[in-house]
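Asks: Handing you a structure now.
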Amino acid sequence: IPRRIRQVFEENRPTGGERLTYRTPGLPTRIYYYILLPFSWEGVVESVLFLMEDITEQVRLSEDVHRLERHLASVVESASDIIVSSDMDGRILTWNAAAEMISGYGLYEIRGKYLHEFCAEHQRDDVKRVFVEMRARRDSIMAEWDLVTRDAASIPVYWVFSPLREGLSQSVGIVAVGRDLTERRKLETQLLQSQKLAALGVMAGGIAHEIRNPLTICSSAAQFLKDDDVSPEFRMECAERKHEELTSMS
């Protein structure tokens, strides 16, 4: 500060704004913004005015805002879901780490391009329509569309599109959150296969039961036919019963 005061006396011009940290013994540290103004007479500086404003709270608020911004950015980058922000026309502004990993495209490659360009071709008109609808909506839109990767693979994704608001009313963009459904689809396929196998097991058990009963009757009838002591009438009844059961199985 003494050096700057001497500079004002010598150059006869005010200093630019500077920040000053000061701590009174026993009190918390305060932060001030100050400038030095020359008071001159006939070109000679007679005195210097020292103007100082306490900006401690503003600085702390600014630091809190920056800390919150860093925290939110960390949350977005740490998320396992795709998080994309765009303007109202669907041009991509931000693209988190999960989006890069799943798609294979870096943010520098896709920034400014339309989101529908990275969706399956037969679904692109639907994606465009969502951005048109979002202009007049305040709630979210959900849909399932495939994301086409750098390797031309199609990844099934469940999307939630929400308006990005500035203040309480005006929408300034769209936030799209997408969840990769690849593992879910695999589980669904495995579950369906298990259900099919279970149904086949039940069917096989029923068929075995239907076959086992007639065979048991036929076996008993055959045992009676081998017995010489049975009457001709009973022998005929056994033969007819055996014939009926075998006919029912055909």
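The values are calculated or read from the model by the stated rules, or taken from the named source; none is laboratory data. Everything numeric here is computed off the predicted structure, so don't read it as measured data. Positions of Cβ are backbone-derived with ideal geometry, glycine not excepted, and every protein chain shown enters the neighbour counts. Heads up: the accessible areas ignore ligands, DNA and RNA and are worked out on the full protein's heavy atoms, side chains in. Shrake-Rupley method; radii C 1.70, N 1.55, O 1.52, S 1.80 Å.
Asks: Taking the options 47, 74, 86, 80, name whichever one is closer than 30 Å to residue 134 by Cα and in contact with a strand residue (DSSP E or B) (Cβ under 6 Å, 6 or more places away or on another chain).
Replies: Selected residue: 86, the only one of 47, 74, 86, 80 that is closer than 30 Å to residue 134 by Cα and in contact with a strand residue (DSSP E or B) (Cβ under 6 Å, 6 or more places away or on another chain).
Asks: Within the range 131-147, work out how many residues are farther than 18 Å from residue 81 by Cβ and among the hydrophobic types (A, V, I, L, M, F, W, C).
Replies: Result for the range 131-147: 4.
Asks: Here's something else I'd like to know. Quick one: count up the residues across the range 84-96 that are open to solvent by less than 40 Å² (accessible area, probe 1.4 Å) and touching a residue at least 40 places away in the same chain (Cβ under 8 Å).
Replies: 6
Asks: Restricting to the range 17-36, name every residue that is within 47 Å of the chain's Cα centre (by Cα) and more than 20 Å from residue 60 (Cβ to Cβ).
Replies: none
Asks: Evaluate the following for residue 179: is it under 15 Å from residue 98 (Cα atoms), in contact (Cβ under 8 Å) with a residue 24 or more places away in the chain and either part of a strand (DSSP E or B) or in contact with a His (Cβ under 8 Å, 6 or more places away or on another chain) (or both)?
Replies: yes
Asks: Can you pull out every residue in the range 73-92 that is modelled with pLDDT of 85 or more and of a type in the set (A, V, I, L, M, F, W, C)?
Replies: Those that are modelled with pLDDT of 85 or more and of a type in the set (A, V, I, L, M, F, W, C): 82, 83, 84, 88, 92.
Asks: Moving to a separate point now. Checking residue 99 against (1) open to solvent by 30 Å² or more (accessible area, probe 1.4 Å); (2) not in a strand (DSSP E or B): exactly one of these is not met. Which one?
Replies: It is condition (1) that residue 99 fails.
Asks: Answer yes or no: is there a residue in the range 40-60 that is surrounded by 13 or more Cβ atoms within 10 Å (Cβ to Cβ), basic (Lys, Arg) and at pLDDT 80 or above.
Replies: Checking the range 40-60: not a single residue is surrounded by 13 or more Cβ atoms within 10 Å (Cβ to Cβ), basic (Lys, Arg) and at pLDDT 80 or above.
Asks: Next question. Regarding residue 108, is this residue under 30 Å from residue 144 (Cβ atoms) and of a type in the set (Phe, Trp, Tyr)?
Replies: Numbers: under 30 Å from residue 144 (Cβ atoms): yes; of a type in the set (Phe, Trp, Tyr): yes.
The answer is yes for residue 108.
Asks: Conditions: (1) in a strand (DSSP E or B); (2) surrounded by 12 or more Cβ atoms within 10 Å (Cβ to Cβ); (3) more than 45 Å from the chain's Cα centre (by Cα). Residue 14 meets all but one. Number of the miss?
Replies: (1)
Asks: Oh, and also: Output the residues belonging to the range 102-137 that are touching a residue at least 40 places away in the same chain (Cβ under 8 Å), touching a Leu at 6+ places or on another chain (Cβ under 9 Å) and either assigned to a strand (DSSP E or B) or open to solvent by less than 10 Å² (accessible area, probe 1.4 Å) (or both).
Replies: 103, the sole residue that qualifies.
Asks: Tell me which residues, restricted to the range 17-38, are part of a strand (DSSP E or B) and among the polar types (S, T, N, Q).
Replies: Across the range 17-38, the qualifying residue is only 21.
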